[in-house]
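The values are calculated or read from the model by the stated rules, or taken from the named source; none is laboratory data. Keep in mind it's a predicted model, so treat the numbers as computed, not measured. Here the Cβ positions follow ideal geometry from the backbone for every residue, glycine too, while neighbour counts run over all protein chains shown. For the accessible areas, the whole protein counts, side chains as well, though only heavy atoms, and no ligand, DNA or RNA atoms are used. Shrake-Rupley method; radii C 1.70, N 1.55, O 1.52, S 1.80 Å.
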Amino acid sequence: MFNSKKIVLIVTGGVAAYKSAIFARLLMKQGADVRVVMTQSATEFVQPKTFSTLTGNAVLTDLFADDNLSEVAHITLADWADYIFVVPATANIIAKMAQGIGDDAASTVLLARHTPTLVAPAMNEHMYYNPAMQRNLAQLQADGVLLIEPVTGLLAEGYAGKGRLPEPEAILAQAEMLLHQLTGQLTGKHFIVTAGGTREELDPVRYLSNHSSGKMGYALAQALLEQGAEVDLISTVTLPAPVGANVLAVTSAEQMLWALEDRFEAADGVVMAAAVADYRPAVIADQKIKKEAGQAMILKLVENPDVIASLAVNKTKQFIVAFAAETQDLLANAQVKLQKKHADMLIANDVTKTDAGFGTDTNVVTILQPGQANETLPVASKIDIARQIVGRITKALLEKEG
């Protein structure tokens with residue numbers, strides 16, 4: 001989301017200042033134009049030349065340097081920026097921001113800011129939890145500043161505590177989520193998303209499953225979070241979780257149903273992206289089943305509960321999105337499922353295509369809704385497809401609520 005964006009990165013004095021150089025590079029890899037402002041104490045940890053070399057732009061450290069006299073540097077930068085980051089943010093700069101103090105290059109740029117500003121505090125745990133610091137952070141939030149919380153880890157003092165700056169990749173991911181949420185339309189809504197293929201145990205070492213990677217479910221969880229929704233992600237796979245998702249690990253279809261039932265009443269919507277097994281072994285062997293030479297193995301399977309149909313029976317306000325992964329007669333089979341499962345929306349895709357379905361990073365889907373014309377979304381990355389689907393879900397919910 002930072003492609004072609006103009007970003008002012010303010011670096012303040014702390015051991016974590018070295019991470020700012022990596023962060024600047026990550027922004028540039030996304031296509032951003034980055035200009036850096038450093039406090040004098042920051043230059044004790046990282047040389048300005050590091051940032052000027054990385055970004056290709058001069059670094060502002062002194063408002064009164066000779067090369068700044070032809071312009072009001074702090075106003076020029078504040079007007080230029082699409083976004084302002086403070087990484088890392090010391091207790092000192094946070095206090096200045098909260099109180100409106102501008103006594104150096106960094107604080108005056110921040111005082112003149114009028115674009116989204118993200119602050120990543122980094123300090124000792126005792127400083128972070130100091131009542132004055134917490135008041136200052138609360139004031140920044142009240143002023144509309146977006147905060148990226150520090151993490152718990154080894155601090156410069158040699159012991160573990162909360163106050164450590166997150167890794168640059170984590171800062172970038174949180175920043176993207178927070179900026180998306182500024183315009184989110186699902187704030188206050190609670191969604192459940194399922195992801196991955198269920199595994200039905202056969203014996204202690206084997207199971208029956210399918211090829212679902214869970215990528216589409218995780219993308220949908222991210223897209224819902226970007227719109228401000230609270231998301232419970234019920235998953236059978238291990239993938240990097242979207243920022244803010246409450247991940248619940250399950251294995252089988254029955255476990256997935258139980259997890260859904262526990263949360264369904266409070267939910268505003270359910271997105272069933274998981275590939276749920278239709279059948280499971282009638283008996284789970286206590287020990288590994290041994291091969292018998294020349295003998296065929298016959299498995300007795302029993303039907304799993306229809307998860308979506310089971311939920312639909314108790315549906316009140318919930319908006320239910322079903323999925324249909326097909327290998328033939330895509331739309332005909334999808335239409336039957338839409339009606340049979342009493343879903344509000346069904347996402348159908350042909351998993352035989354090379355650019356869609358299980359394990360791919362792209363997808364091609366058709367959206368079906370009762371009483372509406374089908375809509376096919378052209379091939380795109382799964383996160384782009386997810387954002388388009390969530391856009392349709394948001395529109396349908398808002399229309400439903402009047």
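Annotations for the structure displayed:
- Inverse of mean 1/r across different Cα pairs in the stretch 349-393, Kirkwood, Å: 10.9
- Of the whole protein surface, K215 contributes about 70 Å² of accessible area at a 1.4 Å probe radius.
- Set K290/K340; K189/K382; K288/K353; K5/K353; K300/K340; K29/K382 screened for pairs whose C-alpha atoms are more than 30 Å apart: K290/K340; K288/K353; K5/K353
- For K162, a cut-off of 19 angstrom between C-alpha atoms picks up these aspartates and glutamates, skipping any fewer than 8 places away in its own chain: E125, E149.
- Sequence-separation-based contact order of the stretch 355-402, relative, with Cα cut under 8 Å and 6+ spacing, percent: 28
- Our coupling estimate for the stretch 340-347, obtained by passing each phi through the Karplus curve with A = 6.51, B = -1.76, C = 1.60 and θ = phi - 60°, is 5, 8, 6, 7, 7, 7, 10, 9 Hz, Gly and Pro reported as x.
- Taking every protein chain into account, the accessible area of the stretch 134-255 amounts to 44 square angstrom per residue (probe 1.4 Å).
- For the stretch 28-50 and the stretch 87-117, distance of Cα centres in Å: 16
- ³J(HN,Hα) computed for each position of the stretch 355-369 - Karplus, 6.51 cos²θ - 1.76 cosθ + 1.60, integer Hz, glycine/proline x: 10, 8, x, 5, x, 7, 9, 10, 7, 9, 10, 10, 9, 10, 9
- For the stretch 29-141: Kirkwood Rh in Å [reciprocal of mean 1/r, alpha carbons]: 14.9
- Normalised by the number of residues in the chain, the average gap of Cα pairs under 8 Å and 6 or more apart makes the relative contact order 10 percent.
- Surface composition of the stretch 86-151: carbon plus sulfur atoms contribute 52% of the solvent-accessible area (1.4 Å probe, protein chains only, all chains present).
- Set of aspartates and glutamates near K317 by C-alpha distance (under 14 Å), chain-local residues within fewer than 8 positions excluded: E265, D268, D344, E399, E401
- Under the Debye formula (equal points on every Cα, no solvent term), log10 I(q)/I(0) of the chain at q = 0.12 Å⁻¹: -0.98
- Here the peptides 355-363, 386-394 are ranked by packing, the mean other Cβ count within 10 Å, and the order with the highest first is 386-394, 355-363.
- Between helix 131-142 and the chain there is an angle of about 70 degrees, using the helix long axis and the longest principal axis of the Cα atoms.
- Residue among T12, T236, T76 with the largest mean-square fluctuation in a Gaussian network model of the chain, springs linking Cα atoms under 10 Å: T76
- Heavy-atom SASA rank of L301, L77, L220 (probe 1.4 Å, accessible area, largest first): L301, L77, L220
- Placing unit charges on the Cβ atoms of the charged side chains and taking the dipole of the chain about its Cα centre, the candidate lying farthest along the positive direction among V72, A24, S213 is S213.
- Each peptide in 243-250, 98-105 receives the mean, over its residues, of other Cβ atoms within 10 Å, and ordering these scores from highest gives 243-250, 98-105.
- Order by protection proxy (mean Cβ within 10 Å, highest first), peptides 177-186, 19-28, 124-133: 19-28, 177-186, 124-133
- Nearest-ten-degree value, helix 215-226 long axis tilted from longest Cα axis of the chain: 50
- Each label was represented as a point 7 Å from its Cα along the Cα-to-Cβ direction; for V151 and D384 these points are 3.0 nm apart.
- Solvent-accessible heavy-atom area per residue, rounded to whole Å², over the stretch 304-399 at 1.4 Å: 47
- Rel. contact order, % - alpha carbon contacts under 8 angstrom, at least six apart, the stretch 131-174: 26
- Modelled this way, with points 7 Å down the Cα-to-C-beta line, the labels at L111 and T183 are 3.2 nm from one another.
- In this simple spin-label model, placing a label point 7 Å from the Cα along the Cα-to-Cβ direction at both Q134 and D62 gives a separation of 4.1 nm.
- Kirkwood-type radius of the stretch 310-402, with distances r between different C-alpha atoms, in Å: 13.8
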